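The next block holds one structure in the form of structure tokens; read it before the comments.
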């Protein structure tokens, strides 16, 4: 029977190491300043517990097979999260890269090593693509996974593009650069590993599917026909069907924003593909305990880093999920 892989993506909202951590260098400590004050081990443990409670519910309580996480400060906090997922009985492993972001937040992948492998040497399977900007920002993390079932390559790119701080229009150029960087390395993957290579990009793009950073620069399209037949290395933005439902993965000024997305290249959507994403499986995960009461069904943030803490919260983003099927 075909093998199904449950893939999820979640911005964890400032999952920082504790105040005064010896793992934080002086430059980052200066950048985050007083916002880290009061971030104790007890609060970190509580946030980890809250996040893990949601991750354990994913995939019908089996947990994700592959999870991209964003806004994590270092490998230590990701390892703590994996430890909290131990009741699932999974063989979870971590790929993390320390990026030059000014605040020290990174991208990482948590994956079940019984289902995916990352071939050695790692410097030929894990790449961090530098996004050029005047001030440091997150890199795009690429991992060349192979399926344990059949040894097929699945290239996954984790994204956390420059934020909208300072204004959406004023910061748009930075996300355009990130989009161009993603498109460039997507094309390079196809040149190096072959034009049939399946590529899945995911993460917090800090722009909507219709914004130019996605459509014009990352080449993420709405039409499967354009993606399938186009000569350029297009992605299909899998979030378009959710746009008309009035829901978001993040809410700003009470309005929904669909900033968290999956982008699949044509090798993941064409008929007969050995690895194929199921567009109808794409969803925003909104477990009842995560959703704020009232007229606006937004996520309940945990807070911290200068914001009020709600120990019953989780993140200011909802996670998203998708299913990829591997043929026998």
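Annotations for the structure displayed:
- Residue count, the range 270-313 (criterion: more than 30 Å from residue 196 (Cβ to Cβ), in contact with a helix residue (DSSP H, G or I) (Cβ under 9 Å, 6 or more places away or on another chain) and not in a loop (DSSP other than H, G, I, E, B)): 6
- With respect to the stated conditions, residue 228 is farther than 30 Å from residue 61 by Cα, without any contact (Cβ under 8 Å) to a residue 60 or more places away in the chain and over 21 Å from the mean Cα position of the chain (by Cα).
- On inspection, residue 320 does not qualify as touching a helix residue (DSSP H, G or I) at 6+ places or on another chain (Cβ under 8 Å) and surrounded by 18 or more Cβ atoms within 10 Å (Cβ to Cβ).
- First in the range 7-31 and at positive phi and touching a residue at least 24 places away in the same chain (Cβ under 8 Å), second anywhere and part of a helix (DSSP H, G or I) and buried (at least 18 other Cβ atoms within 10 Å of the Cβ), Cβ under 7 Å, 6 or more apart: none
- So residue 178, is it in contact with a strand residue (DSSP E or B) (Cβ under 9 Å, 6 or more places away or on another chain), within 18 Å of residue 236 (Cβ to Cβ), surrounded by 15 or more Cβ atoms within 10 Å (Cβ to Cβ) and without any contact (Cβ under 8 Å) to a residue 60 or more places away in the chain: no
- The range 314-328, residues that are in a loop (DSSP other than H, G, I, E, B) and either farther than 18 Å from residue 9 by Cα or modelled with pLDDT under 95 (or both): 327, 328
- Candidate set: the range 206-221, residues that are part of a helix (DSSP H, G or I) and surrounded by 24 or more Cβ atoms within 10 Å (Cβ to Cβ); chosen: the one nearest to the chain's Cα centre (by Cα): 214
- Residue check: residue 241 meets all listed conditions (1) surrounded by fewer than 19 Cβ atoms within 10 Å (Cβ to Cβ); (2) part of a strand (DSSP E or B); (3) touching a strand residue (DSSP E or B) at 6+ places or on another chain (Cβ under 8 Å) but one, namely (2).
- Here is the figure for the range 139-168: residues that are outside any strand (DSSP E or B), farther than 22 Å from residue 326 by Cβ and touching a residue at least 40 places away in the same chain (Cβ under 8 Å) total 5.
- If you go through the range 169-205 and keep only what is within 19 Å of residue 320 (Cβ to Cβ) and not in a loop (DSSP other than H, G, I, E, B), you end up with 175, 178, 179, 182, 199, 200, 201, 202, 203, 204.
The values are calculated or read from the model by the stated rules, or taken from the named source; none is laboratory data. Source: prediction; values computed, not measured. Don't worry about glycine lacking a Cβ; one is built from the backbone with ideal geometry, like all the others, and counts go over all protein chains shown.
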